[in-house]
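Worksheet for the structure shown next.
Just so you know, all these numbers are worked out from the coordinates, no wet-lab data involved. What you are looking at is a predicted structure, and each value in this text was computed from that prediction instead of being measured. Here the Cβ is made from the backbone with ideal geometry for all residues, glycine too, and neighbour counts use every protein chain on show.
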Amino acid sequence: MVGNRGRDTKPELALRSAVHALGLRYRVGARLPGMRRTADLLFERAKVAVFVDGCFWHGCATHCRVPSTNREYWLAKTMQNGARDKDTDTKLRAAGWTVVRVWEHEDTGEAALSVATAVATRSRLQSLSP
Ligand SMILES: [Zn+2]
C-alpha cells in the first residue's frame, strides 16, 4: 500500500485509458494554475481538473486502515492529505475550475463517464458565453 503513491498508479492508468476511449484528450500530471500541485488529468480548455485519490493516502472511509505501528504518524499523514485535497478544491473552484475526484475503488467506467459529463457541461457553457 505504501508503495502505491505517486504517478501512474493502476487506477489512474485505468481511468486515463477509459476517458481516452470516450474521445477526450487531456494533459497528464499537469501543474495546476498558481499552485505547486498537479492534477492527474487536466482539461485546460474546459477547466476541469481530475484527481484519482488512493484509498489509503486520502483516507477513504471504506478502505483506509491506518497501520497500528506508528499509528499517530499515519493518522496525521492521511489527515494532512485530506486537508490539502480540500484546500486544492477550494482554490480551484474559486478560480472557476470544476473539480472531479475519483476514489481508486470506484468503477472505472462510471468514473470516466462522470469526467466526460463534467467536461461536456463546461464546454457547453463556454460555447454559450459570448
Ligand atoms: Zn476506498
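Here are the numbers for this structure:
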{"read-out": "Residues Asp8 and Ser123, FRET efficiency given R0 of 35 Å [Cβ-Cβ distance, rounded to 0.05]", "value": "0.80"}
{"read-out": "Under 13 Å from the Cα of Lys77 - aspartates and glutamates, other chains or at least 8 residues apart", "value": "Asp85"}
{"read-out": "Segment Thr69-Lys86, extension gain: residue separation times 0.36 nm, minus the distance between their alpha carbons", "value": "3.4 nm"}
{"read-out": "Mean Cβ neighbour count within 10 Å, used as a protection proxy, ranking 75-81, 11-17, 118-124, 65-71 highest first", "value": "11-17, 118-124, 75-81, 65-71"}
{"read-out": "Approximate shape of the chain as ellipsoid semi-axes (Cα gyration tensor, √5λ), whole Å, largest first", "value": "28, 17, 12"}
{"read-out": "The chain - percent relative contact order, Cα under 8 Å, separation 6 or more", "value": "29"}
{"read-out": "Lys/Arg +1, Asp/Glu -1 at C-beta; the range 68-130 dipole; positive extreme among Gly109, Thr88, Tyr73", "value": "Thr88"}
{"read-out": "For the range 69-108, Kirkwood radius (reciprocal of mean inverse C-alpha pair distance, Å)", "value": "12.0"}
{"read-out": "The chain, helix-only ellipticity at 222 nm - DSSP H runs n ≥ 4, -39,500 (n - 2.57), divided by all residues, nearest 500", "value": "-15000 deg cm²/dmol"}
